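Worksheet: one structure, shown below.
The values are calculated or read from the model by the stated rules, or taken from the named source; none is laboratory data. Owing to the predicted nature of the structure, the values given are computational and were not obtained by experimental measurement. So basically every Cβ, Gly included, is an ideal-geometry build from the backbone, and we count neighbours across all protein chains shown. We work out accessible area using only protein heavy atoms, side chains counted, and drop any ligands, DNA or RNA first. Shrake-Rupley method; radii C 1.70, N 1.55, O 1.52, S 1.80 Å.
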Amino acid sequence: MNDKELIQWLEKAILGDESAFQLVYQETHQDVYRTVAFLVYNKQDIEEIVNEVYMHMWRSYQKYDANRPFRFWLHGITVHLVQDWKRKTWRRIRLFERNRQMTCEQQFDWTDKVVLQSETQHELFSLVRQLSYKLRVVVILRYFHDYTLEEIADMLQIPVGTVKSRHHLARKELRKRYEMTGGDAYVH
């Protein structure tokens, strides 16, 4: 379903058509879930953030600029809510001094095997997960969602030069880590 059709269904949903909202949700949920899962590892937190994305989408639809792609807007909401969640989590850690508990990340169990079909993709994904959040979000938006560096800068509300720098650092770090694992393929 293209963005124009999604917008029409979302407008019906805003007017109270629950089945229209369900359709929008079904068409976008997998993409939103994957994006959050790339950026957050705890399954419970992923579910909570995804729910927040749809509540925020519902509440802020009036602010949507129809001149921009709907999915771009939805990805922007997703990334901003993940950033907010990370900030809140950091504050909680500092307040309750629970650093040790929070650093023990739970292994994320992928339920959607379509995301990573080959061993190389799986290996690259594990390398991406090791990147800092700032580098990882640029990689996810660039290569998973195919946004330009300018669009990523707009979405993250940071200068294009910063995005280029993070993109360069992420690629350099991925190459280094991939070579350290003995990978045969070259990370471009």
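Which lysines, on any chain, are close to residue 134 with Cα under 25 Å apart, when same-chain ones fewer than 8 places away are left out?
43, 86, 88, 164, 172, 176
Distance in nm between label sites at residue 88 and residue 68, each 7 Å beyond Cα in the beta-carbon direction?
Between residue 88 and residue 68, the label points sit 2.2 nm apart.
Could you report the accessible area of residue 169 in Å², rounded to 10, computed with a 1.4 Å probe on the protein chains as they sit in the structure?
90
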